[in-house]
Amino acid sequence: MEKQNNSLAKYTEESLRILLQAIPDPVWLKDPDGAFLACNHRFEKLFGYKESEIVGRTDYDFVSKEQADIFRKFDLLAMESGNPSINEEWVTFAEGGHRELLETTKIAVFDAQDKLIGVLGISHDITQRKNDELFEKFRSSILELIAGDTLLPVVLESIVKGVEQLRPEML
């Protein structure tokens, strides 16, 4: 344990900040009241502000009340339970305006004296994985229809409905 503490002691705040910024997913830390303490570059792109403009503010300053209420619910769940809180949420990035389905994990963070610092969050883009799952479900259902000697008009109608759901921009 002594060796581990010595190696951790070598990391300065700057070193830890470099590590935080290297993570390609949005990462942030909030205090128990929901005010941001830190975030990385990817998170800045989500909100469309620099870290210096985010720190000290809450979700309610950046997103709709409804969205902020959802974020806060999972913050509180992680802090109160002491266990990771994992949820999926659709978000629109302020920078670029694109939407992503994020799997967000939040966990309470404590200092050396076991005092609650706040909640640490990290989100991972699972949009492509979910799209792949939906496509596989669609593909399987069409194959089942064909294998079951379903009439061609029913198969074709199912294909059109599936494409409408998976890629509405194609129609």
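The values are calculated or read from the model by the stated rules, or taken from the named source; none is laboratory data. Because the structure is a prediction, the values reported are computed rather than measured. Please note: Cβ atoms are built from the backbone with ideal geometry, for glycine as well, and neighbour counts cover all protein chains shown. Each accessible area value is taken on the protein alone, full model and side chains, heavy atoms only, with ligands, DNA and RNA left out. Shrake-Rupley method; radii C 1.70, N 1.55, O 1.52, S 1.80 Å.
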In the Gaussian network model of the chain, springs joining C-alpha atoms below 10 Å, which of Leu29, Leu156, Leu19 carries the largest mean-square fluctuation? Leu156
Coil-residue GluC sites (Glu not before Pro) of region 70-171, DSSP, other Cβ within 10 Å capped at 15: Glu95
If the elastic network links every pair of Cα atoms under 10 Å, which of Pro26, Pro153, Pro84 fluctuates the most in the Gaussian network model of the chain? Pro153
Could you run the Karplus curve 6.51 cos²θ - 1.76 cosθ + 1.60 with θ = phi - 60° over region 149-163 and give me ³J(HN,Hα) per residue in whole Hz, x for Gly and Pro? 6, 6, 4, 4, x, 5, 4, 5, 4, 5, 5, 4, 4, x, 5
Kindly provide the helix-only [θ] at 222 nm of the chain, computed as the sum of -39,500 (n - 2.57) over DSSP H runs of four or more divided by all residues, to the nearest 500 deg cm²/dmol? -15000 deg cm²/dmol
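Write down the accessible area per residue of the chain in Å², having rolled a 1.4 Å probe over the full set of protein chains.
I get 66 Å² per residue for this part.
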Loop trypsin sites (Lys or Arg not before Pro), region 88-171 (other Cβ atoms within 10 Å of the site Cβ: 11 or fewer; DSSP): Lys115
Placing one equal point scatterer on each C-alpha of the chain and summing with Debye, one gets log10 I(q)/I(0) at q = 0.08, 0.16, 0.17, 0.20 Å⁻¹ equal to -0.38, -0.98, -1.06, -1.32
Take the chain, connect every pair of alpha-carbon atoms lying under 10 Å apart with a spring to form a Gaussian network, then pick out the residue of Asp114, Asp132, Asp33 with the largest mean-square fluctuation. Asp114
Do any chymotrypsin sites (Phe, Trp or Tyr not before Pro) in region 34-86 lie in a DSSP loop with no more than 11 other beta carbon atoms within 10 Å, and if so, which? none
Along Cα→Cβ, 7 Å out, is where each label goes; now give me the distance between the ones at Ile86 and Ile23 in nm to one decimal. 1.6
Carbon/sulfur fraction of accessible area - region 1-147, other protein chains in place, 1.4 Å, %: 57
